[in-house]
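The values are calculated or read from the model by the stated rules, or taken from the named source; none is laboratory data. Since the structure is predicted, the reported quantities are computational estimates derived from the model, not experimental observations. In this analysis, Cβ positions are derived from the backbone assuming ideal geometry, glycine residues included, and neighbour counts consider all displayed protein chains.
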Amino acid sequence: MMSVLLSSSQVNQNTLMATDLSKLQTVEIYCQADLDADIRKEIISNLSGAVLSHQGQYLWLGTDEFTSIERFTKTNDQKPIFSEHQRFHFKDFIDDFDEEEGEVDIEGLSYCEGYLWMIGSHSSKRKKVKPQADKYTLGKKELKKIKREKNRYLFARIPINEQGELAYQSPQKAWLSRQGSSNALTQALAKDEYLDLAQIIADEEDSPPLGNEVYLYLPSKENGLDIEGLAVDGNKVLVGLRGPVLRGIALLLALEVEDSSSHELYLKTMGNEDRVYKRHFLDLDGLGIRELCWQEQGSRLLILAGPTMDLDGALQLFCLHDPLALKDNSFSSQQNQQLEYLGTIPHGYKCDRAEGLCLYNDSKSILVVYDSPESKRLILDAAGSVVGVHADEFSISQL
């Protein structure tokens, strides 16, 4: 029999790649009982960003489908239960916010120094095809129409008071100004030498077939621009991209913001060539960024990585070391030890896709919420209506 010798690094990597995070318990999250049953189900089925504030008293969740932030309060010291659901609508604290301009598609939440930060996906979308038993052809408009909705380009910072209420009238609330379906960030990214395909092709052909901003027009599930993940430290902001992934390499953007007296955030020049962002390239085993949160503020960044396309696939947890100290155009991998693989979060078939993640239980664990939760996660009332959902707590204390 032929024996094969592996180096210790190969053995360690192969062992790590098969490791599921240790699940400690489930956490119960309950919606308002008097909400319409369909709205409760939509909230529960489309959770995305997650963050805790006020020493774990308040759990804030973003969703894909609405124009509001959902807050849940820890109501039981003996069991992990969050209830007393309260909704905060963007139209009440963002000036000139129009709910008719579409969903925000909140994909990142962060809490820092008394502020709740939130960011939309900044993505285009293509309408889903709904399979039916008697459906054998596509309609004329199916898979053709691509939409860019203004509200998806939201990036805002809102103060929270001691009672866990968003301070609607605070002079400190601020947001990045939107110009139609764009803002200063997407306008800068449209000129990026890695993302402007027309510019790249023009180097080889006289007449490039593609227009500018192609990644901004490609839908989020088709390797187009898609923000998923937000981590804030003071006025320094890290933004994770689910897409595009470039030949298996994901992108993390570092921003620095300043604000004016008119509730407006500005992006400071900080990258090379007078850019308003730094680029960090991450080898996440071919996956895109699905969520960010600090394990240690400013020094250890947890990264939930998953498929860029609309696929079932690995959901892996990584740690990026000292991200705020990285130079522009940095490259991080497990091989150079800037990235550390921590484990895998299980997923189901077309369900249970981990989307929101935050530190939990005095930073000894993480709380994970799921998009498209499987039926056994749902909490039903006596009439069979969805009233809540089970999230999961995973240990990171030994990592």
(Q) Which residue is farthest from Thr63 (Cα to Cα), if the candidates are limited to the range 153-195 and must be charged (D, E, K, R), touching a helix residue (DSSP H, G or I) at 6+ places or on another chain (Cβ under 9 Å) and surrounded by 14 or more Cβ atoms within 10 Å (Cβ to Cβ)? (A) Asp192
Q | When residues of the range 117-146 are limited to those that are basic (Lys, Arg) and in contact with a strand residue (DSSP E or B) (Cβ under 6 Å, 6 or more places away or on another chain), the one nearest to Trp60 (Cα to Cα) | A | Lys125
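Looking only at residues that are among the hydroxyl-bearing types (Ser, Thr, Tyr) and assigned to a loop (DSSP other than H, G, I, E, B) in the range 119-141, which one is nearest to Leu265 (Cα to Cα)? Before you say what the answer is, go through the steps one by one.
If we filter the range 119-141 for residues that are among the hydroxyl-bearing types (Ser, Thr, Tyr), which is where we start, we get 121, 123-124, 136-137.
With assigned to a loop (DSSP other than H, G, I, E, B) added as a condition, the list becomes 121, 123, 136-137.
Details: Ser121: 18, Ser123: 20, Tyr136: 49, Thr137: 47 Å.
Of everything passing the filter in the range 119-141, Ser121 is nearest to Leu265 (Cα to Cα).
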Q | Residue list for the range 351-384, restricted to those being polar (S, T, N, Q), surrounded by 15 or more Cβ atoms within 10 Å (Cβ to Cβ) and assigned to a loop (DSSP other than H, G, I, E, B) | A | Asn361, Ser372
Q: Name, by its number, the condition in (1) without any contact (Cβ under 8 Å) to a residue 12 or more places away in the chain; (2) surrounded by 12 or more Cβ atoms within 10 Å (Cβ to Cβ) that does not hold for Gln132.
A: (2)
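Listed here are the residues, each with its yes/no results for (1) among the β-branched types (Val, Ile, Thr); (2) in contact with a His (Cβ under 9 Å, 6 or more places away or on another chain); (3) surrounded by 18 or more Cβ atoms within 10 Å (Cβ to Cβ); (4) assigned to a loop (DSSP other than H, G, I, E, B).
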| residue | (1), (2), (3), (4) |
| --- | --- |
| Val27 | yes, yes, yes, no |
| Asp34 | no, no, no, yes |
| Ile43 | yes, yes, yes, no |
| Gly49 | no, no, yes, no |
| Leu52 | no, no, yes, no |
| Phe66 | no, yes, yes, yes |
| Phe72 | no, yes, yes, no |
Q: Go through the residues of the range 81-95 one by one and say whether even a single one is among the small types (Gly, Ala, Ser), touching a Ser or Thr at 6+ places or on another chain (Cβ under 9 Å) and more than 22 Å from Gly384 (Cβ to Cβ).
A: no
Q: Quick one: count up the residues across the range 116-166 that are within 23 Å of Arg178 (Cα to Cα), under 24 Å from the mean Cα position of the chain (by Cα) and of a type in the set (Lys, Arg).
A: 7
Q: Tell me, please, whether a residue that is aliphatic (A, V, I, L, M) and at pLDDT 90 or above can be found in the range 189-201.
A: yes
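Assigned to a loop (DSSP other than H, G, I, E, B) and polar (S, T, N, Q) - does that describe any residue in the range 306-313?
Yes.
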**Q.** Cβ-Cβ under 7 Å pairs, at least 6 apart or on other chains, the range 165-184 side free of Cβ contacts under 8 Å to residues at least 60 places away in the same chain and in a strand (DSSP E or B), far side charged (D, E, K, R) and surrounded by 14 or more Cβ atoms within 10 Å (Cβ to Cβ)
**A.** Arg178/Lys150
Q | Positions within the range 34-87 being in contact with a Leu (Cβ under 6 Å, 6 or more places away or on another chain) and of a type in the set (D, E, K, R), in sequence order | A | Glu70
Q.
Filter the range 62-85 down to the residues that are without any contact (Cβ under 8 Å) to a residue 40 or more places away in the chain, of a type in the set (S, T, N, Q) and over 13 Å from Met118 (Cα atoms) and list them by number.
A. Thr75, Asn76, Gln78
Q: Determine which single condition Arg87 fails, assuming it passes every other condition in (1) under 22 Å from the mean Cα position of the chain (by Cα); (2) in a loop (DSSP other than H, G, I, E, B); (3) surrounded by fewer than 18 Cβ atoms within 10 Å (Cβ to Cβ).
A: (2)
Q) If you check Tyr341 against the conditions, is it among the aromatic types (Phe, Trp, Tyr), crowded, with 16+ Cβ neighbours inside 10 Å and closer than 20 Å to Leu52 by Cα? A) no
Q: State whether one or more residues within the range 222-235 are farther than 28 Å from Ser170 by Cα and among the small types (Gly, Ala, Ser).
A: yes
Q: From Val257, Val239, grab the single residue that is under 21 Å from Gln179 (Cβ atoms) and surrounded by fewer than 23 Cβ atoms within 10 Å (Cβ to Cβ).
A: Val257
Q. Within the range 314-338, can you find the residues that are loosely packed, with under 14 Cβ neighbours inside 10 Å, assigned to a loop (DSSP other than H, G, I, E, B) and small (Gly, Ala, Ser)?
A. none
Q. When both residues are 6+ apart or on different chains and their Cβ atoms are under 6 Å apart, which pairs have a first residue that lies in the range 327-350 and is over 23 Å from Glu256 (Cα atoms) and among the small types (Gly, Ala, Ser), and a second that is modelled with pLDDT of 95 or more and not in a loop (DSSP other than H, G, I, E, B)?
A. Ser333/Leu339; Gly343/Leu317
